[in-house]
Amino acid sequence: MDKRTYNSQLLFEASASLAVFVLLLFYSYGIFVRAPYAGFYFNPTNEKIEFIFSTNNSLLKVGDEIYQVGDISLRQFKADRRLTLFDGVQKGDVVDIKVIRDGNQVTIPWEFPGFTTQEFTNRLFNSWLLAYAFGIAGFAAQVTLRPRNLRRGLFITANYLTAIFLISGMLSSWHLWESSTLLHVVAWFMMPIFIHLHWVFPQPFKRDISKFFLGFLYGIACLLAIGEVFHALPRSLYALGFIIAIAGSIFLLIAHMVSQKKERPAARLLLISTIIS
């Protein structure tokens, strides 16, 4: 590798790692400062309240299914990844929240509590910590792993994608700063990267992975990611990319452990990290 190419590669890697950590910090600021402290948390998947942090907990109850917040229905909220709840609401403001409780619709005049220690603590001990763990793992590999080959590049990329997936996944509950769109896009790119990585890492299988299969995987991922950018795909379809990435990785790592006895410790460590992600 000539010096100019080497320097270009170093610049690209440094820029990529800087971009990842800037994004992690930016989204962390969103999680702890910009996301509304509503006094409760509901699961966007099943729309049910899972935690109540406000002391005025006699109104909303765990298990209530959110139907509408102010003028925005949950159907509208889930259909538009840029629509936010409690926009412009200040501490002490009263917001009508409609919930389904025991099969009946109930309207709750909810006093917006603003920042509370309980809700902050819940956010503090959450998946954003794992995002930084994977980000640091990617950076450590970038600094220490040699030679600069395909396996190294895939390993670094996989860690950075996982970090972005985790941090955007946490912020996406509030639909802030295109976090939901980024979550979907990253999930599709994880699919080919994870499959490719775990075919060649910790040691390649004796049989090379098909170039046609790889081209198909990367091509499909790019097309689906573009579809996510324009919000042209069903909202939950991205989960398929994530499932394929994780299930394929687990299958390949088990295959490594069975067929490559010398690589079992490394494969076992990767398997654990994949399950955690």
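Sub-8 Å Cβ pairs linking a first residue in region 18-37 that is outside any helix (DSSP H, G or I) to a second residue that is open to solvent by 80 Å² or more (accessible area, probe 1.4 Å), at least 6 apart or interchain, are TYR37/PHE115, ordered by first then second residue.
Listed residues GLN68, GLN142, GLN76; which is surrounded by 15 or more Cβ atoms within 10 Å (Cβ to Cβ) and farther than 30 Å from ALA267 by Cβ?
GLN68
Listed by position, the strands (runs of 3 or more DSSP E) inside region 59-165 whose residues that are farther than 26 Å from TYR218 by Cα, in contact with a strand residue (DSSP E or B) (Cβ under 8 Å, 6 or more places away or on another chain) and without any contact (Cβ under 8 Å) to a residue 12 or more places away in the chain number at least 1 are 104-111.
Just a yes or no: is a residue in region 201-212 under 18 Å from THR84 (Cα atoms) and either open to solvent by 30 Å² or more (accessible area, probe 1.4 Å) or without any contact (Cβ under 8 Å) to a residue 40 or more places away in the chain (or both)?
Taking every residue of region 201-212 in turn, none turns out to be under 18 Å from THR84 (Cα atoms) and either open to solvent by 30 Å² or more (accessible area, probe 1.4 Å) or without any contact (Cβ under 8 Å) to a residue 40 or more places away in the chain (or both).
Of everything in region 170-182 that is assigned to a helix (DSSP H, G or I) and open to solvent by 10 Å² or more (accessible area, probe 1.4 Å), the residue that is modelled with the lowest pLDDT is SER173.
Name the residues in region 79-104 that are open to solvent by 60 Å² or more (accessible area, probe 1.4 Å) and in contact with an Asp or Glu (Cβ under 6 Å, 6 or more places away or on another chain), would you? Scanning region 79-104 gives a single hit, VAL94. Of all the criteria given as (1) surrounded by 14 or more Cβ atoms within 10 Å (Cβ to Cβ); (2) touching a residue at least 12 places away in the same chain (Cβ under 8 Å); (3) not charged (D, E, K, R), the one not satisfied by GLY227 is (2).
The values are calculated or read from the model by the stated rules, or taken from the named source; none is laboratory data. Remember, it's a predicted structure, so these values are computed and weren't measured experimentally. We place every Cβ from the backbone using ideal geometry, glycine too, and count neighbours over all the protein chains shown. Quick note on the areas: whole protein, heavy atoms, side chains included, nothing else; ligands and nucleic acids left out. Shrake-Rupley method; radii C 1.70, N 1.55, O 1.52, S 1.80 Å.
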